[in-house]
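The structure appears below as structure tokens.
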Amino acid sequence: MLVSDTDTPTASVPPRDGRFDVAAARRRCLELRHRILDLSRNLAAMHIAPAFSCLEMVDAIYFGLMRRDRNGASSDTFILSKGHGCMAQYAVLERLGVLSSEDLELNCKPEGRLGGHPDYGTPGIEASTGSLGHGLAIGLGMAYADKLKREDRRVFVLVGDGEMQEGSVWEALMMAANLGLDNLVCLLDLNDFQGLGRTSETHPHFYPIVDKIAAFGWEVASVDGHDAGALVDAFQSRRGGVPFFVVGRTIKGRGVAFMENVPIWHYRSPDAEEYRIAKAGLREVGSGGGTAPGGGS
Amino acid sequence: MRNSFADTFHELGQRDPRLCIVVADISPAGSIQKFRDAFPERFVNTGVAEQVMIGMTAGMAMRGLRPFAYTIATFALYRPFEMVRNDLAYQNLPVTIVGIGGGVAYSVLGGTHHAQEDVAIACGIPNLSVISPCDPLEVEAATRHCAVQTGGPIYMRLGKAGEPVLTRDAPDPFLFGKLRFLRRVPGAETCILAHGGIMRLAQQAADALAERGEPASLVSVHTLKPLDSAGLRAILASYRRVVVIEETSCQNGLGPMVKRIAWDMDADTRLHHFALRDEFTHVHGSHADVLASHGLTLENILAALDQRPAAGRRGRGAP
């Protein structure tokens with residue numbers, strides 16, 4: 001993908017020296033939260049809370065983990081397997097100039113090209129997701145093809161914790177380690193919520209997740225998923241040689257106090273008064289990851 | 001058929017480094033083992049895990065490779081159905097799904113291994129093409145097509161092993177998307193349409209009709225999607241009686257598709273459809289035994305045709 005400075009003058013490119021600017025990431029994510037809240041005014045229902053839980057992770061992937069050339073192009077790939085969090089991805093792609101502000105304004109409108117889930121063929125979108133449990137296997141195929149072709153590319157896949165209940169995810173987890181795909185990185189948005197409640201209450205034996213993934217042959221790190229710097233540090237300090245898994249402990253709806261850990265905000269847009277309160281209360285987020293039991297620390 | 005696929009894939013794979021095969025714990029037939037030995041990185045075995053088998057072929061195709069997924073038809077299509085639909089068809093990627101044992105070819109293994117609904121299911125998915133070759137030579141031609149095409153995903157339905165060669169002297173070549181006369185009899189009133197391994201039975205029916213002085217043309221409708229509608233309309237317009245014989249559920253498949261075309265064109269043709277019943281069989285035996293449990297025998301077909309001679313559906317006699 002290409003960053004076009006002409007499309008969006010404010011497009012931001014990671015520092016050339018490879019260091020990740022944590023303070024800039026916090027400012028950026030605050031602006032992205034404002035942008036997503038503003039866009040929610042266009043739609044009666046939008047997945048806000050799932051986007052806010054993974055926002056720092058998506059930001060860190062694009063601005064800290066994916067390598068870019070001097071033109072902003074990257075041969076690394078990101079797949080948002082929990083496709084319902086796509087507002088985080090759309091907002092970042094707008095920031096990078098890959099999507100236009102009009103694209104985001106027309107989200108879910110017939111005259112636009114963006115929908116409620118990422119759609120393959122849209123600029124910046126590498127796979128169609130929305131049905132859960134598909135992204136990791138697709139990313140695995142890409143990573144395997146890159147190995148076959150001796151190409152130095154990395155594939156990042158972000159999955160949700162509810163999504164991890166799909167058996168297909170575990171098929172892909174097993175296979176990635178069997179194939180030795182050290183160019184594949186899976187990030188888990190461990191926000192402890194899914195459709196029918198807290199995962200730690202409805203599916204307590206989902207945990208301990210770190211131990212499970214490690215037992216499947218992955219190198220695993222667990223970090224505060226709202227601390228983008230910690231995410232980047234974890235990646236850069238990995239041992240390597242095997243696929244890498246990052247558990248990001250997060251809070252669903254992070255950043256808007258009345259949305260945090262409240263299930264109804266999985267798929268709802270705020271009304272005028274809620275919007276005003278949400279906007280007034282937005283502050284920089286740089287920590288405060290969730291504390292789901294067994295998420296590791 | 002599977003050996004023909006393996007030989008052809010091995011030959012093509014030596015020249016085209018993009019060709020890969022992903023299997024789900026199915027022992028590779030014939031030359032696939034040679035391919036595996038020569039190109040171990042381009043042979044992937046996901047184990048008993050069909051969802052990742054299909055899903056990873058999507059990612060491989062996105063990177064420019066030409067992957068084939070290969071396992072028993074039921075496991076290739078039913079278990080990972082949503083990966084076939086979303087990952088391959090919705091994203092329209094050039095991946096070939098090879099399903100072995102289409103129909104009831106795994107005759108002693110029971111209903112869990114019978115692919116009766118696969119044609120209906122595959123034809124129902126937008127973007128997914130469906131090929132059902134009738135003999136080892138058609139398998140070879142179809143495999144060559146799949147290896148180079150860029151039009152999207154293909155489900156290729158194969159039999160097992162040991163099917164006879166039926167198309168060596170066919171007047172028409174194999175062309176994707178075009179039906180193919182295997183036997184074109186000028187002046188014949190009957191045309192038999194079939195696809196897949198049951199073509200052998202269709203050929204026997206054509207032979208039997210010829211022996212009693214009612215010669216019939218014989219056609220392989222190897223590409224079930226996109227269907228050669230123009231070719232079928234021409235047949236429906238030219239023959240007083242059209243007979244469809246197929247090893248798929250009677251609920252769907254080629255027969256209902258031909259009937260739909262015949263209705264739309266107001267064809268004056270008597271139509272017969274011989275297919276698997278909308279039932280699970282619990283008969284275990286030879287392939288012929290299981291087909292017979294669905295009523296698919298030469299005797300039944302000929303008896304049914306005797307009762308309804310070629311006359312056109314409005315009852316007019318032959319001109």
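Here are the numbers for the structure shown:
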quantity: Subset tally (residues that are out of contact with any strand residue (DSSP E or B) (no Cβ under 8 Å at 6 or more places or on another chain) and either facing another protein chain (nearest Cβ under 9 Å) or on the phi > 0 side of the Ramachandran plot (or both)) for segment A:151-161; calculated: 1
quantity: Condition met for residue A:234 (over 30 Å from residue A:204 (Cβ atoms), at pLDDT 95 or above and surrounded by 15 or more Cβ atoms within 10 Å (Cβ to Cβ)); calculated: no
quantity: Candidates B:221, B:242, filtered to the one that is modelled with pLDDT of 95 or more and farther than 25 Å from residue B:290 by Cβ; calculated: B:242
quantity: Test: residue A:116 is on the phi > 0 side of the Ramachandran plot, away from every other protein chain (no Cβ under 14 Å) and either surrounded by fewer than 19 Cβ atoms within 10 Å (Cβ to Cβ) or modelled with pLDDT under 95 (or both); calculated: no
quantity: Check on residue A:111, surrounded by fewer than 18 Cβ atoms within 10 Å (Cβ to Cβ), more than 16 Å from residue A:45 (Cα to Cα), out of contact with any Cys (no Cβ under 7 Å at 6 or more places or on another chain) and not basic (Lys, Arg); calculated: yes
quantity: Odd one out for residue B:127 among (1) in contact with a Gly (Cβ under 7 Å, 6 or more places away or on another chain); (2) in the same structural domain as residue B:256 (by TED's automatic domain parsing); calculated: (2)
quantity: Tally, over segment A:162-215, of residues that are at positive phi and in a strand (DSSP E or B); calculated: 1
quantity: Residue within segment A:79-89 that is modelled with pLDDT of 95 or more, in a loop (DSSP other than H, G, I, E, B) and crowded, with 24+ Cβ neighbours inside 10 Å present; calculated: yes
quantity: Any hit, segment B:159-179, residues being part of a strand (DSSP E or B) and either over 25 Å from residue B:106 (Cβ atoms) or not aromatic (Phe, Trp, Tyr) (or both); calculated: no
quantity: Selection status of residue B:305, at pLDDT below 95, assigned to a helix (DSSP H, G or I) and either in contact with a Ser or Thr (Cβ under 6 Å, 6 or more places away or on another chain) or not aromatic (Phe, Trp, Tyr) (or both); calculated: yes
quantity: Selection from segment A:131-150 of residues that are part of a loop (DSSP other than H, G, I, E, B) and within 8 Å of chain B (Cβ to nearest Cβ); calculated: A:131, A:133, A:134, A:149
quantity: Strands (runs of 3 or more DSSP E) wholly inside segment B:18-124 that include at least 2 residues being touching a Ser or Thr at 6+ places or on another chain (Cβ under 9 Å), at pLDDT 95 or above and away from chain A (no Cβ under 14 Å); calculated: B:96-100
quantity: Candidates A:201, A:273 - the one that is at pLDDT below 95 and surrounded by fewer than 14 Cβ atoms within 10 Å (Cβ to Cβ); calculated: A:201
quantity: Matching residues, segment B:154-182, being among the basic types (Lys, Arg), without any contact (Cβ under 8 Å) to a residue 60 or more places away in the chain and either within 30 Å of residue B:87 (Cα to Cα) or exposed (fewer than 14 other Cβ atoms within 10 Å of the Cβ) (or both); calculated: B:168, B:178
quantity: Qualifying residues in segment A:119-129 (those that are more than 8 Å from chain B (Cβ to nearest Cβ) and either part of a helix (DSSP H, G or I) or in contact (Cβ under 8 Å) with a residue 24 or more places away in the chain (or both)) - the one surrounded by the fewest Cβ atoms within 10 Å (Cβ to Cβ); calculated: A:123
quantity: Condition met for residue B:198 (under 18 Å from residue B:142 (Cβ atoms) and either touching a strand residue (DSSP E or B) at 6+ places or on another chain (Cβ under 6 Å) or in a helix (DSSP H, G or I) (or both)); calculated: yes
quantity: Unique residue being aliphatic (A, V, I, L, M), within 23 Å of residue A:140 (Cα to Cα) and buried (at least 20 other Cβ atoms within 10 Å of the Cβ) when the list is B:23, B:48; calculated: B:23
quantity: Residue match in segment B:278-294 (condition: farther than 16 Å from residue B:197 by Cβ and crowded, with 22+ Cβ neighbours inside 10 Å); calculated: no
quantity: Contacts under 6 angstrom Cβ, first residue in segment B:85-106 being in contact (Cβ under 8 Å) with a residue 24 or more places away in the chain, partner of a type in the set (Lys, Arg) and not in a helix (DSSP H, G or I), 6 or more apart; calculated: B:99/B:157; B:101/B:160; B:102/B:157; B:105/B:160
quantity: Test: residue in segment B:245-262 that is over 19 Å from residue B:122 (Cα atoms), among the aliphatic types (A, V, I, L, M) and assigned to a helix (DSSP H, G or I); calculated: yes
quantity: Residue in segment A:65-73 that is small (Gly, Ala, Ser) and within 21 Å of residue A:194 (Cα to Cα) present; calculated: no
quantity: Where residue B:7 falls short, out of the listed (1) closer than 14 Å to residue B:147 by Cα; (2) within 11 Å of chain A (Cβ to nearest Cβ); calculated: (2)
quantity: Condition met for residue A:93 (more than 8 Å from chain B (Cβ to nearest Cβ), crowded, with 24+ Cβ neighbours inside 10 Å and among the hydrophobic types (A, V, I, L, M, F, W, C)); calculated: yes
quantity: Count of residues meeting criterion [crowded, with 24+ Cβ neighbours inside 10 Å and of a type in the set (Ser, Thr, Tyr)] in segment B:103-153; calculated: 3
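The values are calculated or read from the model by the stated rules, or taken from the named source; none is laboratory data. For clarity, every value in this text was computed on a predicted model and none was experimentally measured. When we count neighbours, we look across all protein chains shown, and the Cβ atoms used for this are built from the backbone with ideal geometry, even at glycine.
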